[in-house]
Amino acid sequence: QVHLVQSGPEVKKPGASVKVSCKTSGYTFTRYSFSWVRQAPGQGLEWLGWVNPYDGHTNYAHKFQDRINLTTDTSTSTAYMEMKSLKSGDTAVYYCARDTRTTLGMSRLDYWGLGTLVTVSS
Amino acid sequence: DIQMTQSPSSLSASVGDRVTITCRASQSISSYLNWYQQKPGRAPKVLIYAASGLHTGVPSRFTGSGSGTDFTLTITSLQPEDFATYYCQQTYSTLSTFGRGTKLEIK
């Protein structure tokens with residue numbers, strides 16, 4: 001079975017950085033891209049960006065492009081999301097999700113991690 | 001960025017009812033539209049992909065339709081486990097975006 005296992009909760013001070021991991025198993029890591037999505041307390045889903053483990057190509061939401069870095073490690077089948085210059089408004093659950101595409105290139109997020117709570121507080 | 005507008009933001013219904021949730025894109029997105037269900041404290045689950053494709057294992061009471069800018073998710077014969085929040089997502093742009101969600105509550 002496909003599994004995405006995320007790292008544990010983090011508490012950071014404003015201005016700090018955080019790196020969340022997403023270790024995968026049960027499929028060929030380089031065949032699928034990842035999206036990262038966050039959800040602030042009581043709020044909706046917010047797409048952060050996308051990374052392709054095959055070639056390392058990334059796309060970032062405009063809102064985060066200066067502060068976020070998505071990477072992958074093919075040797076351990078793990079995806080990473082690093083965000084710097086954290087603010088209180090970055091407090092949220094951060095999800096990794098596998099991106100599956102149809103033959104026409106239409107994507108959907110078919111497997112999700114359980115989420116990692118990142119709390120930013122002084 | 002492409003904006004996704006969902007309506008209503010909340011909805012009350014009873015078991016056995018038929019409900020429809022709509023999603024409108026700020027520009028044409030062809031059929032690059034997914035629907036997700038999320039329950040409290042859980043990760044979202046994909047229901048519908050490419051506007052009308054039923055994801056593996058999803059009950060047939062969930063149907064999606066639409067293309068261009070206007071899309072709908074219909075749930076026929078609501079079951080107790082269907083009370084949740086539903087989100088649309090466009091993947092037409094390389095910068096994906098979600099709608100704000102529709103909370104479906106028990107009447």
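The values are calculated or read from the model by the stated rules, or taken from the named source; none is laboratory data. Just so you know, these numbers come straight off a predicted model, no measurement behind them. All Cβ positions, glycine included, derive from the backbone under ideal geometry; neighbour counts span all protein chains shown.
A few notes on this one:
- Residue count for segment A:1-36, restricted to those that are buried (at least 19 other Cβ atoms within 10 Å of the Cβ) and in contact with a Cys (Cβ under 8 Å, 6 or more places away or on another chain): 7
- Residue-level analysis places A:Leu117 outside the set of residues that are part of a loop (DSSP other than H, G, I, E, B), within 22 Å of A:Asp66 (Cα to Cα) and not small (Gly, Ala, Ser).
- Any hit, segment B:73-83, residues being more than 12 Å from chain A (Cβ to nearest Cβ), among the β-branched types (Val, Ile, Thr) and not in a loop (DSSP other than H, G, I, E, B): yes
- The single condition among (1) over 15 Å from the mean Cα position of the chain (by Cα); (2) within 12 Å of chain A (Cβ to nearest Cβ) that B:Gly68 does not meet is (2).
- Pairs, first free of Cβ contacts under 8 Å to residues at least 24 places away in the same chain in segment B:86-107, second assigned to a strand (DSSP E or B), C-beta under 7 Å, six or more apart: B:Thr94/A:Asn59; B:Ser96/A:Ser35; B:Ser96/A:Trp47; B:Ser96/B:Gln89; B:Ser96/B:Gln90
- Answer residue from segment A:41-84, given it is surrounded by 13 or more Cβ atoms within 10 Å (Cβ to Cβ) and among the β-branched types (Val, Ile, Thr) and is nearest to B:Tyr86 (Cα to Cα) among those: A:Val51
- When residues in segment B:41-71 are screened for being in contact (Cβ under 8 Å) with a residue 40 or more places away in the chain and either under 27 Å from A:Pro41 (Cβ atoms) or surrounded by fewer than 19 Cβ atoms within 10 Å (Cβ to Cβ) (or both), 4 of them pass.
- Unique match (being touching a Leu at 6+ places or on another chain (Cβ under 8 Å) and facing chain A (nearest Cβ under 10 Å)) among B:Val46, B:Val58: B:Val46
- Residues in segment A:50-67 that are within 14 Å of another protein chain (Cβ to nearest Cβ) and touching a residue at least 24 places away in the same chain (Cβ under 8 Å) were compared, and the one that is nearest to B:Gln90 (Cα to Cα) is A:Trp50.
- Residues of segment A:33-52 satisfying the condition of being assigned to a strand (DSSP E or B) and aliphatic (A, V, I, L, M): A:Val37, A:Leu45, A:Leu48, A:Val51
- Of the residues A:Thr24, A:Thr30, the single one that is in a strand (DSSP E or B) and either more than 15 Å from A:Arg67 (Cβ to Cβ) or over 14 Å from the mean Cα position of the chain (by Cα) (or both) is A:Thr24.
- Checking each residue in segment B:1-26 for being surrounded by fewer than 17 Cβ atoms within 10 Å (Cβ to Cβ) and either part of a loop (DSSP other than H, G, I, E, B) or modelled with pLDDT under 95 (or both) picks out B:Asp1, B:Gln3, B:Pro8, B:Ser9, B:Ser14, B:Val15, B:Gly16, B:Asp17, B:Arg18, B:Ser26.
- Segment B:31-40 - residue that is more than 8 Å from chain A (Cβ to nearest Cβ) and surrounded by 19 or more Cβ atoms within 10 Å (Cβ to Cβ) and, of those, farthest from the chain's Cα centre (by Cα): B:Leu33
- Restricting segment B:91-107 to residues that are more than 7 Å from every other protein chain (Cβ to nearest Cβ), within 11 Å of the chain's Cα centre (by Cα) and within 23 Å of A:Ala61 (Cα to Cα), the residue that is surrounded by the fewest Cβ atoms within 10 Å (Cβ to Cβ): B:Thr102
- Failed condition for A:Thr102, given (1) within 12 Å of chain B (Cβ to nearest Cβ); (2) more than 28 Å from B:Leu54 (Cβ to Cβ); (3) polar (S, T, N, Q); (4) surrounded by fewer than 19 Cβ atoms within 10 Å (Cβ to Cβ): (2)
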